[in-house]
Amino acid sequence: QVQLVESGGGLVQAGTSLRLSCVASVRTFSQYTMGWFRQGPGKERDFVAAISWTGTTRYYGDSVKGRFTISRDDAKNTVYLQMNSLKPEDTAVYYCAAESDGLVTTVAREYSHWGQGTQVTVSS
């Protein structure tokens, strides 16, 4: 079984930065594609970022390109989401996701494992 635990969310001012972390309880973390999704108030779950198991391929949603950066530290079984220049529109519950098949994907249904989410609130 795989357990994903997100942390780092909170209440911040627009224009500031925040870093989310996701720790995976797996022994083969380096073989997992990792992704971040978010769901804002009254919205559907949306793709944010994904990173390949090699760490060399990264995808980003259009609304966060140039502001967010996904990275991974296999020694710590952790994936990060660095969020800069935060906007009120970024307010959402952020979810970490993992898939062992290896193909980087932006589609939520293609991920097999999900964390419980961490709340990010950005005020004006």
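Structure notes:
- Rg/Rh for the range 6-57, where both radii come from Cα atoms and Rh is the Kirkwood radius: 1.02
- Relative contact order for the range 66-124, counting Cα pairs under 8 Å that sit 6 or more residues apart, in percent: 34 percent
- This model, with +1 at the C-beta of Lys and Arg and -1 at the C-beta of Asp and Glu, gives the range 47-124 a dipole about its Cα centre of some 180 debye.
- Local electrostatic count at D101 - Lys and Arg +1, Asp and Glu -1, tallied over other residues with Cβ under 14 Å: -1
- Given charges at Cβ of Lys, Arg, Asp, Glu: the chain dipole, positive-most of T105, Y32, T121: T121
- Within the accessible surface of the chain, defined with a 1.4 Å probe on protein heavy atoms only, the carbon and sulfur portion equals 46 percent.
- Most mobile listed residue (E99, E44, E110) in the chain, GNM with C-alpha springs under 10 Å: E44
- Intensity falloff of the range 56-117 expressed as log10 I(q)/I(0), Debye formula with alpha-carbon point scatterers, at q = 0.19 Å⁻¹: -0.87
- In percent, rounded to a whole number, the relative contact order of the chain is 36, using alpha-carbon pairs under 8 Å and six or more apart.
- Near E44, once Lys and Arg are set to +1 and Asp and Glu to -1 for all other residues with Cβ below 13 Å from its Cβ, the sum equals +3.
- Label-to-label distance, nm, for residues given as D74 and K87 (7 Å Cα→Cβ offset): 3.5 nm
- Summed side-chain charge close to S63 - residues other than S63 whose Cβ falls under 14 Å, Lys, Arg +1, Asp, Glu -1: +1
- Over every Cα atom in the range 1-97, the radius of gyration and the widest Cα-Cα span, Dmax, amount to 13.0, 38 Å.
- Taking 0.36 nm per residue of sequence separation and removing the Cα-Cα distance, the S123/V2 pair yields an extension gain of 40.2 nm.
The values are calculated or read from the model by the stated rules, or taken from the named source; none is laboratory data. Being a predicted model, the structure only gives us computed values, none of them experimental. Cβ coordinates were reconstructed from backbone atoms using ideal geometry, including for glycine residues, and neighbour counts include every protein chain displayed. SASA here: full protein model, heavy atoms, side chains in, ligands and nucleic acids out. Shrake-Rupley method; radii C 1.70, N 1.55, O 1.52, S 1.80 Å.
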